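Data block below; observations after.
Nothing in this text is a laboratory measurement; each read-out follows from the coordinates by a stated rule. Since this is a predicted model, take the numbers as computed values, not measurements. Positions of Cβ are generated from backbone atoms using ideal geometry, with glycine treated the same way; all protein chains shown enter the neighbour counts.
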Amino acid sequence: MEGDENLSRGLRKREPEAWARLYEEYMPRIYRYIVLRVRNQAEAEDLTEQVFLRALESGPSFRWRGAPISSWLFRIARNQVIDFWRTDKTGRTVTLDESLIDDIANPERAAERNEDMRQVIREMGQLTQAQREVIELRFAAELSTAEVARVLGKSQGAVKVMQHSALAALRKRLAGWSGHE
Amino acid sequence: MSRGIEGILDTCLERVRLRGESIEQCLDSYPEHASELEPLLRAALRVMDVSSIRPRGEFGRVARSRLLSAVSTGNVRGKERRFPMVRWQRGWAVALAVILTIAVVGGGTVTASSGSLPGDVLYPVKTTAEKVQAFFTFGDEANARFHMKAAERRLGEMESLAEKKRAIPESVLGRMNLETERAIEMLGRVERVKEELASQVVNLTSKQKTVLERIQQGGASLEFEQMLRDALQRSERAQTELERMFPDLKKLRLTPWVNDRELEP
């Protein structure tokens, strides 16, 4: 928390070191959250970059009031994604075609993991919107329950309940899938 | 009790995720909940694998440099989107391209494409013509009708492909669900939905269920079976949404199913 307070001071003063730190710490997690939501690498890269530029725009007015910086940043990311889908008229299909992970040393293993992950992502798509969002924020963005609660404007108890029901639903679906293999 | 397990699950997830503990270590702490916790934690472990998704290194470097440059110069709006053509411009571009295509190949080709199926040479002409039609469709009710008809067409295409024992592409399944969901979304914006329109959308979702189940019974690969199940679930969710929107649904007089050809513009 103290780290967040110092960082937020640097962000407000537009110190390059503070912004570099913010970027290093959060960019991969923001990207993961977004790519799972928009299912397209190029769009996810664009939106991720926009999140940091939006943060920079609102940086001078950002006041640290005890809430983690992650909540602020992921709220921006969430709004970016909502805007993206709201304005999207292309009717794109939501299939994540790109390779999710690369492993040059072991391409076969990478292919297996990609397939497994794609299956998990597909099953996540069958959850309710609220369950899916909790799972994405908890496991892709790696936020704590308290941080997820702040991003979504819900209580921690509600987040835990949704996490539990989402994992129970995923367990059934993933077990069903393994049974077919 | 129920709240208890949710809290314990969360604690275990944090111990596994942050402290690197094994599932067994956590289960040992809660032996009375072990049987319920274990499958949930194992599912969570599979989901946690998404944290290995990484952005491209090149993107990371370029975006970082652009951000720091914006920090120094204060020029936040300097970055152009990768696709600078905004969506409505892209729409106009598609419309223009189709009008030019029609001018070159003739309107007859577009008409001839109306019976084409995915995989046919003329199918892209059919879908592009639909995009143009979508572009020039204004108003929530008209859009609801348009998306409903598009969903019906995709369903009709699936039926025809199944009859001809041809493969049904995943994109057609997804498109059918998407068009249905859009039709419902548009209906939600219409102040007073006409009974005839509501009943047509209701008919559509129940017809989808029938057709998808029939295709399922016809036998399919495991992966396609899974896709069919997903599509069926989306259809069922759409039906539930309709029931929520129109609680008097059962009172509506359901119109008979209209086949694909009758719905062609």
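The Rg/Rh ratio for region B:130-173, using Cα coordinates for both the radius of gyration and the Kirkwood hydrodynamic radius, is 1.10. Taking R0 as 56 Å, what FRET efficiency do you get between B:Arg19 and B:Thr210 from their Cβ-Cβ distance, rounded to the nearest 0.05? In this case the efficiency is close to 0.60.
Plainly put, region B:1-64 has a radius of gyration that is 1.19 times its Kirkwood radius, both from alpha-carbon atoms, as the Rg/Rh ratio. Against the empirical curve 2.2 N^0.38 Å, the C-alpha radius of gyration of region A:1-55 lands at a ratio of 1.24.
Past the 25 Å Cα-Cα mark, which pairs from B:Lys165/B:Lys209; A:Lys172/B:Lys209; B:Lys126/B:Lys165; B:Lys126/B:Lys207; A:Lys154/B:Lys194; A:Lys172/B:Lys207?
A:Lys154/B:Lys194; A:Lys172/B:Lys207
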